[in-house]
Amino acid sequence: MKQARKILIMVLLLTMVAAARKRDPLTEAETDQLREYAMEPQKRLKLYVKFAETRLLAIEQLRSDPKAADGRGKKIHDLLEDFTAILDEINDNLDTYEGRPLNKDDRKDFHKGLKEVIEANEKFDLKLRTLKDAENSEPLAKKEAADYQFVLADAQDAIKSSSEMAREYLNQKDNDAEGPKKKN
């Protein structure tokens, strides 16, 4: 019985430690900016896109700085995790605003935000493919990729999912704007 309690306590402690390690992908300043635009879908989406772009720019800077070679694979891993978490937030926001009744102006802004998400995802996809391709052409990148190859695949999947969702909602909006079709 005492052994079972000890095991239970160990499992609970390990769970708490693991939960404590989970990082927030956003800085406090970024979180404050999002709070400011909680009710403005297009501005909020634009911020998320900017934050995701910042993570990819940081990866590019890491890769181009020879002084940052120590632990670079792990740093890229963490930035890719943050990038993916931000894309997940974009998807959550798309779902939230899609389900919310919006006035005509807000609906137009949301429509614009969907287009911005799609355009950004195309750029993000290109940057991630470039990172993936570096594994084949750069020996150091191939070695570092062992640290981030799985999160890179997750990030690419997140881009695909985000793009599909935004396109679906955009097409839905286009169909709604046309109104009911007349039969001849």
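Show the residue pairs that are 6+ apart or on different chains and have beta-carbon atoms under 7 Å apart, the first residue being within region 79-98 and free of Cβ contacts under 8 Å to residues at least 40 places away in the same chain and more than 15 Å from residue 31 (Cβ to Cβ), the second being charged (D, E, K, R) and surrounded by 18 or more Cβ atoms within 10 Å (Cβ to Cβ).
79/55
In region 126-172, how many residues are β-branched (Val, Ile, Thr) and surrounded by 17 or more Cβ atoms within 10 Å (Cβ to Cβ)?
Result for region 126-172: 2.
Can you say whether residue 123 is at pLDDT 95 or above and within 30 Å of residue 40 (Cα to Cα), as far as the supplied structure shows?
Against the criterion (at pLDDT 95 or above and within 30 Å of residue 40 (Cα to Cα)), residue 123 qualifies.
Only one residue in 89, 81 is surrounded by 16 or more Cβ atoms within 10 Å (Cβ to Cβ) and closer than 16 Å to residue 164 by Cα, so which one is that?
The unique qualifying residue is 89.
Which of the residues spanning region 106-124 are farther than 17 Å from residue 37 by Cβ and touching a Ser or Thr at 6+ places or on another chain (Cβ under 8 Å)?
If the condition is that a residue be farther than 17 Å from residue 37 by Cβ and touching a Ser or Thr at 6+ places or on another chain (Cβ under 8 Å), then 118, 121, 122 are the ones that fit.
So which residues in region 19-64 are at pLDDT below 90, in a helix (DSSP H, G or I) and among the small types (Gly, Ala, Ser), if there are any at all?
Selection gives 19, 20.
Pick from region 100-145 the residues that are of a type in the set (A, V, I, L, M, F, W, C) and either outside any helix (DSSP H, G or I) or more than 23 Å from residue 53 (Cβ to Cβ) (or both): which of them is farthest from the chain's Cα centre (by Cα)?
Only one residue tops the list, namely 140.
The values are calculated or read from the model by the stated rules, or taken from the named source; none is laboratory data. In this text, all values refer to a predicted model and were calculated from it rather than measured experimentally. Quick reminder, even Gly has a Cβ in these numbers, built from the backbone with ideal geometry, and neighbours come from all protein chains shown.
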